[in-house]
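The values are calculated or read from the model by the stated rules, or taken from the named source; none is laboratory data. Predicted model only: the values in this text are computed from it and were never measured. Every residue, glycine as well, gets a Cβ built from its backbone with ideal geometry; the counts of neighbours run over all protein chains shown.
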Amino acid sequence: MNQTLFDKIWQLHFVGQRDDGLELMYIDRHLIHEVTSPQAFEGLRLANRMPWRKQSILATVDHSIPTRNRHNGVEGIDDSIAREQVITLDKNCREHEIEYFDMHDERQGIVHVVGPEQGATLPGMTIVCGDSHTSTHGAFGALAHGIGTSEVEHVLATQCLVQSRSKNMRVEFRGTLPRGVSAKDMILALIRQIGTAGATGHVIEYCGESVANLSVEGRMTICNMSIEAGARAGLMGIDNTLMNYLEGRPFSPVGKQWNDAVDVWLSLNSDVGATYDKEIVVEINDLAPQVSWGTNPEMVVSIDETVPDPASMSYEKAETAQRALQYMGLEPGVAMKDLELDKIFIGSCTNARIEDIRSVAAIVEGRRVASNLQAAYVVPGSGLVKQQAEAEGLDEIVKAAGFEWRDPGCSMCLAMNDDRLYPEERCASTSNRNFEGRQGHLGRTHLVSPATAAASAIQGRLADVREYL
Amino acid sequence: MTSKHLKFIQHSGKVVPFDRANVDTDQIIPKQFLKSIKRTGFGENLFDAWRFLDEGYIGKTDRQENPKFVLNYPQYHDASILLARRNFGCGSSREHAVWALLQYGFRCVIAPSFADIFYNNSLNNGLLPVTLSETQVDTLFRLTYENKTLTIEIDLETQQITGEKLDTIGFTIDPNRRLRLLEGLDEIALTLKHASEIQEFEKQHRQRMHWLFSSR
């Protein structure tokens, strides 16, 4: 029988059925961070349990740490509750001898940037993390699920995840990506098309030449937002681009092991004629840069469109849209490009890698951010991304343009630290969620690509990056 | 008290009509409350940005309730069943959302569909997610509005929802998950009963994909 990539990884990791009939999937890599792990370790302690295979775990700190004044490390975190959370992760990792990139480590960063960058994310793996954007790692042909804290504890204790088998969904991006349009625009276009619950219960496999032509970083951007379409995971095929990316990374296998691994990896790609439960095509030949207008990631239009009119929608959608417009302070019919901004955020596990920062620098070089902006941030995804950007002089370019150049972390993607929007501030953000209050109480988020965010910073309003090509 | 491994057999309670689709976990429990390293204390900040007019933070007292928010209507103060629209619990994987709902006093959420991670998190904590058809959910909304309040009984054993004003509604749930909720079993203990199988699997896996074990 012809199998999909998902079918093959599932089969390779299927341990068996429990007495109660539920199925166990073996987990190869467990990524942890400070927010969703403390209660799991506490649970282990209370039950006198130990981690099953601590070599499978990689930890870093990202969500609640500040992105400036980091020289004092943990002690320098002003927020005492956040500080305790970081100290707790420090302690848990020390106690269980877990490999941990702490605040002082140059490899520290957003967990979904760090894993791939280290080669800790490999094809054919099963990966979990107590974070919904774990789907990012699917770009490597790895089956990666975001899980809750009880499941984090379960995986720590048993190395298995209780999982019912997902359905297969195939998404083909058909056509050639126009200039100025990026992976971020592709995934926003998909979510706009199928909705935030469009892939519930499914693992999405992204296919098509346009996907194969993307860099590994672009692929991560797409897989990252699979969860925003409701998917359990996103996946992409295993190819030479991926091998070239992985070879020589610190955690990647070497020598004979590398050769053995490559043989197995290449056998995992979906068979010709494999069947999917659902198939979607997204036409991208004429795709324009995408921008969200509302309060969930399916509320998206092209940059040259206007704010949609709820009157033209179905009853249920209209009500939600009306509420979203009110929250966002928008009127139907206004051109997206007329929306003035207060802040720019370039960062997050979606778009804080070196190529993202390069694309921003290319646009802002020799220009200045508009004077109406309160702030514009570039927050690199990891210490190594930051180093690389500095080696290329990108930090000088964005700083000269008026951006703040911060230390790595999740930052204003979810505003757990002090990087945030204030009430009614409007922001062009390269992050992944435009939910109410996500970037700060009553803040207004427009999700865009890094290039669009850069162009918008220059104009002080949502801008069409194609004008800069 | 820990909210873990709660049993669910049957529950009788008042329904609050939460007439919104795509309620995300950022709304259920906003990020500023995720800094806690405990499993408890989240109930008072459930739906914080909607329930209160002022911006909340951990430990803030003297809050200004938003009288227009449905949970604050006097008739729903003691509701324990949340009736919502499709794709409930989408977004972030934060289990804190489920803890917040339970600790506020909810035992059950009824909706036409749930986001996958939220659904699993609910089952792992004894918050019963009941999936009904759009039409059945519409009926429950209508009855709640018509009667000002609606009290129903949800029986996981018989998989039925009953109530004075209502024709009995059957619901389905994965039979294995149902059993575990009925018995309130410890998920990890159940899996560890298969420890030798996991070890055996691991041995074979180590042969098939040895680089996963010998590299770092």
Does A:LEU268 satisfy the criteria of being within 13 Å of chain B (Cβ to nearest Cβ) and surrounded by 15 or more Cβ atoms within 10 Å (Cβ to Cβ)? yes
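Out of A:ILE191, A:ILE238, report the one residue that is over 30 Å from A:ASN92 (Cβ atoms), among the β-branched types (Val, Ile, Thr), part of a loop (DSSP other than H, G, I, E, B) and within 14 Å of chain B (Cβ to nearest Cβ). Lay out the reasoning, then the answer.
Values: A:ILE191 fails: part of a loop (DSSP other than H, G, I, E, B).
Step by step, each of A:ILE191, A:ILE238 is checked, and only A:ILE238 is over 30 Å from A:ASN92 (Cβ atoms), among the β-branched types (Val, Ile, Thr), part of a loop (DSSP other than H, G, I, E, B) and within 14 Å of chain B (Cβ to nearest Cβ).
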Only residues that are more than 11 Å from chain A (Cβ to nearest Cβ) and more than 12 Å from the chain's Cα centre (by Cα): list them for the stretch B:104-137, please. B:LEU132, B:SER133, B:THR135, B:GLN136, B:VAL137
Condition first: within 30 Å of A:ILE87 (Cβ to Cβ) and free of Cβ contacts under 8 Å to residues at least 24 places away in the same chain. Can you find one or more residues in the stretch A:10-17 that meet it? no
Taking the condition of being more than 30 Å from A:ILE81 (Cα to Cα) and hydrophobic (A, V, I, L, M, F, W, C), how many residues in the stretch A:18-38 meet it? 4
For the stretch A:439-458, which positions are of a type outside the set (Gly, Ala, Ser), within 10 Å of chain B (Cβ to nearest Cβ) and touching a Pro at 6+ places or on another chain (Cβ under 9 Å)? A:HIS441, A:LEU442
Any chance the stretch B:181-198 includes a residue that's away from chain A (no Cβ under 14 Å), part of a helix (DSSP H, G or I) and surrounded by 13 or more Cβ atoms within 10 Å (Cβ to Cβ)? no
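Yes/no per residue for (1) within 11 Å of chain B (Cβ to nearest Cβ); (2) surrounded by 15 or more Cβ atoms within 10 Å (Cβ to Cβ); (3) among the hydrophobic types (A, V, I, L, M, F, W, C); (4) not in a helix (DSSP H, G or I):
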{"residue": "A:ARG249", "(1), (2), (3), (4)": "yes, yes, no, yes"}
{"residue": "A:SER252", "(1), (2), (3), (4)": "yes, yes, no, yes"}
{"residue": "A:LYS256", "(1), (2), (3), (4)": "yes, no, no, no"}
{"residue": "A:GLY273", "(1), (2), (3), (4)": "no, no, no, yes"}
{"residue": "A:ALA288", "(1), (2), (3), (4)": "no, yes, yes, yes"}
{"residue": "A:VAL301", "(1), (2), (3), (4)": "no, yes, yes, yes"}
{"residue": "A:THR320", "(1), (2), (3), (4)": "yes, yes, no, no"}
{"residue": "A:GLU331", "(1), (2), (3), (4)": "no, no, no, yes"}
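Taking the options A:GLN17, A:GLN39, name whichever one is of a type in the set (S, T, N, Q) and either more than 20 Å from A:ASP131 (Cβ to Cβ) or modelled with pLDDT under 95 (or both). Before you say what the answer is, go through the steps one by one.
On the way: A:GLN39 fails: either more than 20 Å from A:ASP131 (Cβ to Cβ) or modelled with pLDDT under 95 (or both).
Exactly one residue qualifies, and that residue is A:GLN17.
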Looking at the structure I just gave you, is A:GLY43 over 26 Å from the mean Cα position of the chain (by Cα), facing chain B (nearest Cβ under 9 Å) and part of a loop (DSSP other than H, G, I, E, B)? no
May I ask you to list the residues in the stretch A:71-106 that are in contact (Cβ under 8 Å) with a residue 60 or more places away in the chain and small (Gly, Ala, Ser)? A:ALA82
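Mind telling me which of the residues A:ALA120, A:ALA157 ends up being of a type outside the set (Val, Ile, Thr) and within 30 Å of A:ALA274 (Cα to Cα)? Steps first, answer last, please.
Numbers: A:ALA157 fails: within 30 Å of A:ALA274 (Cα to Cα).
Residue meeting the stated conditions: A:ALA120.
Here is a yes/no grid of residues against (1) more than 21 Å from the chain's Cα centre (by Cα); (2) of a type in the set (S, T, N, Q); (3) under 30 Å from A:SER267 (Cα atoms):
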position	(1), (2), (3)
A:ALA47	yes, no, no
A:SER56	yes, yes, yes
A:ASN69	yes, yes, no
A:GLY76	yes, no, no
A:CYS129	no, no, yes
When (1) at the interface with another protein chain (Cβ under 10 Å from one of its Cβ atoms); (2) closer than 26 Å to B:PRO30 by Cβ; (3) surrounded by 22 or more Cβ atoms within 10 Å (Cβ to Cβ) are applied to A:VAL111, the one that fails is (1)
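Within the stretch A:160-195, count every residue that is of a type outside the set (Asp, Glu), closer than 18 Å to A:MET299 by Cβ and crowded, with 24+ Cβ neighbours inside 10 Å. Full working, then the answer.
Narrowing the stretch A:160-195 to residues of a type outside the set (Asp, Glu): A:160-171, A:173-184, A:186-195.
So of that shortlist, the ones also closer than 18 Å to A:MET299 by Cβ come out as A:184, A:186-195.
Still in the running and crowded, with 24+ Cβ neighbours inside 10 Å: A:184, A:186-188, A:190-191.
Residues meeting the conditions: 6.
Tally up the residues in the stretch B:91-105 that are surrounded by fewer than 24 Cβ atoms within 10 Å (Cβ to Cβ) and not in a helix (DSSP H, G or I), please. Reasoning before the result, please.
Filtering the stretch B:91-105 down to residues surrounded by fewer than 24 Cβ atoms within 10 Å (Cβ to Cβ) leaves B:102-105.
With not in a helix (DSSP H, G or I) added as a condition, the list becomes B:105.
Total meeting the criteria: 1.
Here is a yes/no grid of residues against (1) modelled with pLDDT under 95; (2) crowded, with 22+ Cβ neighbours inside 10 Å; (3) more than 18 Å from the chain's Cα centre (by Cα):
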position	(1), (2), (3)
A:ALA370	no, no, yes
A:GLY381	no, yes, no
A:LYS386	no, yes, no
A:ALA391	no, no, yes
A:ARG433	no, yes, no
A:SER456	no, yes, yes
A:LEU462	no, yes, yes
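Please go through the stretch A:159-188 and give me each residue that is within 30 Å of B:ASN176 (Cα to Cα), in a loop (DSSP other than H, G, I, E, B) and hydrophobic (A, V, I, L, M, F, W, C), ordered by number.
In the first step, residues of the stretch A:159-188 are kept if they are within 30 Å of B:ASN176 (Cα to Cα); the result is A:159-170.
Now restrict to residues that are in a loop (DSSP other than H, G, I, E, B): A:159, A:163-166.
Passing the criteria: none in range.
Taking the stated definitions as given, is B:LEU46 of a type in the set (A, V, I, L, M) and either farther than 30 Å from A:ASP62 by Cα or modelled with pLDDT under 95 (or both)?
Values: of a type in the set (A, V, I, L, M): yes; either farther than 30 Å from A:ASP62 by Cα or modelled with pLDDT under 95 (or both): no.
No: the conditions fail for B:LEU46.
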Looking at the stretch A:19-33 only, could you name the residues that are farther than 15 Å from A:MET125 by Cα, touching a helix residue (DSSP H, G or I) at 6+ places or on another chain (Cβ under 6 Å) and either buried (at least 22 other Cβ atoms within 10 Å of the Cβ) or touching a residue at least 40 places away in the same chain (Cβ under 8 Å) (or both)? A:LEU22, A:HIS33
The stretch B:59-103, residues that are out of contact with any strand residue (DSSP E or B) (no Cβ under 8 Å at 6 or more places or on another chain), among the charged types (D, E, K, R) and either on the phi < 0 side of the Ramachandran plot or within 13 Å of chain A (Cβ to nearest Cβ) (or both): B:LYS60, B:LYS68, B:ARG94, B:GLU95
Among helices (runs of 4 or more DSSP H) entirely within the stretch A:378-469, at least 3 residues that are among the small types (Gly, Ala, Ser) occur in A:383-391, A:450-459
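Might you check whether a residue that is of a type in the set (D, E, K, R), closer than 22 Å to B:ASP26 by Cβ and buried (at least 22 other Cβ atoms within 10 Å of the Cβ) occurs anywhere in the stretch A:401-418?
Quick first cut of the stretch A:401-418, residues of a type in the set (D, E, K, R) only: A:404, A:406-407, A:418.
Restricting the remaining residues to those that are closer than 22 Å to B:ASP26 by Cβ gives A:418.
Okay, now just the ones that are also buried (at least 22 other Cβ atoms within 10 Å of the Cβ), so none.
No, every residue in the stretch A:401-418 fails to be of a type in the set (D, E, K, R), closer than 22 Å to B:ASP26 by Cβ and buried (at least 22 other Cβ atoms within 10 Å of the Cβ).
For the stretch B:120-154, give me each residue that is of a type outside the set (Gly, Ala, Ser) and more than 21 Å from B:PRO17 (Cβ to Cβ). First the steps, then the outcome.
To start, the set of residues in the stretch B:120-154 that are of a type outside the set (Gly, Ala, Ser) comprises B:120-121, B:123-125, B:127-132, B:134-154.
Result: B:ASN120, B:ASN121, B:LEU123, B:ASN124, B:ASN125.
Suppose the filter is of a type in the set (Phe, Trp, Tyr), in a loop (DSSP other than H, G, I, E, B) and in contact (Cβ under 8 Å) with a residue 12 or more places away in the chain; does B:PHE141 pass it?
Working: of a type in the set (Phe, Trp, Tyr): yes; in a loop (DSSP other than H, G, I, E, B): no; in contact (Cβ under 8 Å) with a residue 12 or more places away in the chain: yes.
Judged against the criteria, B:PHE141 is not a match.
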What tally of residues in the stretch A:303-318 results from selecting those that are closer than 18 Å to B:ASP19 by Cα and either touching a residue at least 12 places away in the same chain (Cβ under 8 Å) or part of a strand (DSSP E or B) (or both)? 1
Mind counting the residues in the stretch B:28-55 that are at the interface with chain A (Cβ under 7 Å from one of its Cβ atoms), surrounded by fewer than 23 Cβ atoms within 10 Å (Cβ to Cβ) and not in a loop (DSSP other than H, G, I, E, B)? 1
